[in-house]
Amino acid sequence: MKNVALTEQDWQIRLYLFDFLLEHVRPPTVQETAQQFGLSDADARLAFHRLDANHRIFLDPGTDAIRMLHPFSALPTPY
């Protein structure tokens, strides 16, 4: 997905991703995000990919899994 404008809901989802990560020590899935916002999985997936295209999150390549939620990493690091 090329860089597209983010919606207000995309920004709300990004905030939710941070809140979820801080509470659960892992990022939420597409399905958890969809449930939180009353969206279809497909719409939540599109929001993840818009956020990724705009460098607001980083998805594992070829997946919908969040690798980084800047400055937090979902993968262990030496830091």
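The values are calculated or read from the model by the stated rules, or taken from the named source; none is laboratory data. Remember, it's a predicted structure, so these values are computed and weren't measured experimentally. Here the Cβ is made from the backbone with ideal geometry for all residues, glycine too, and neighbour counts use every protein chain on show. Areas reflect the complete protein model, heavy atoms only, side chains present, ligands, DNA and RNA absent. Shrake-Rupley method; radii C 1.70, N 1.55, O 1.52, S 1.80 Å.
At-a-glance table
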{"read-out": "GNM flexibility winner over the chain from A34, A42, A53 (Cα, springs under 10 Å)", "value": "A42"}
{"read-out": "Extension reserve of the F58-K2 stretch, reckoned as 0.36 nm per residue once the Cα distance is removed", "value": "18.8 nm"}
{"read-out": "Within-15-Å neighbourhood charge of P76 [Cβ basis; K, R +1; D, E -1]", "value": "+1"}
{"read-out": "Area accessible to solvent at E23, 1.4 Å probe radius, in Å²", "value": "140 Å²"}
{"read-out": "Semi-axes of the equivalent ellipsoid for segment 12-79, Cα gyration tensor, largest first, Å", "value": "19, 14, 10"}
{"read-out": "Residue-level accessible surface for H55, protein heavy atoms, 1.4 Å, Å²", "value": "140 Å²"}
{"read-out": "Cα-centre dipole for the chain with unit charges at Cβ (Lys and Arg positive, Asp and Glu negative), debye to 20", "value": "260 debye"}
{"read-out": "Solvent-accessible surface (1.4 angstrom probe) belonging to V30, in square angstrom, nearest 10", "value": "10 Å²"}
{"read-out": "Accessible-area composition of the chain, carbon plus sulfur, in percent [1.4 Å probe]", "value": "56 percent"}
{"read-out": "Per residue solvent-accessible surface (Å²) - segment 3-47, probe of 1.4 Å", "value": "61 Å²"}
